[in-house]
Amino acid sequence: MPDSHAGLKQSTMETLGYVCEEISHQDLGQDEVNNVLTAVVQGMNLAENSLEILLAATRALCNSLEFTHTNFENEMKRITS
């Protein structure tokens, strides 16, 4: 059963990566961005996950940087205003 969980985690991270690659920064609010980043960080936990899951999570993080960057900039503007 652990192998099936690992396969599911890997598939989830890969899917999240594809979604992050295609999504626009205008499609997500800050809470949703935080949820994506939380999922990716959990996938990057080497103590609990295989290298394949870690790689898929890292790719998802790379694909999320464009829309997370924009949301972080917007949040900084909101805080400093």
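Read-outs throughout are calculated quantities, based only on the coordinates presented, and are distinct from any laboratory measurement. As the structure is a prediction and not an experimental result, all values here were calculated from the model. Please note: Cβ atoms are built from the backbone with ideal geometry, for glycine as well, and neighbour counts cover all protein chains shown.
So the values come out like this:
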| item | result |
| --- | --- |
| Correct choice for mean projected area of the Cα convex hull in nm² that was computed from the model, options [x] 12.1; [y] 6.3; [z] 5.5 | [z] |
| Check: the chain dipole with +1 on Lys, Arg Cβ and -1 on Asp, Glu Cβ, in debye | 180 debye |
| Sorted by Cβ density within 10 Å, fewest first, the residues LYS9, LYS77 | LYS77, LYS9 |
| Helix-only CD estimate at 222 nm, as mean residue ellipticity for the chain, using -39500 (n - 2.57) per DSSP H run (n ≥ 4) | -28000 deg cm²/dmol |
| Label-point separation, ASN45 to ASP27 (7 Å along Cα→Cβ), nm | 2.7 nm |
| Highest-MSF residue in the chain out of ALA56, ALA47, ALA39 [GNM, Cα springs under 10 Å] | ALA47 |
| FRET E, pair ASN35, LYS77, Förster distance 25 Å, beta-carbon r, rounded to 0.05 | 0.70 |
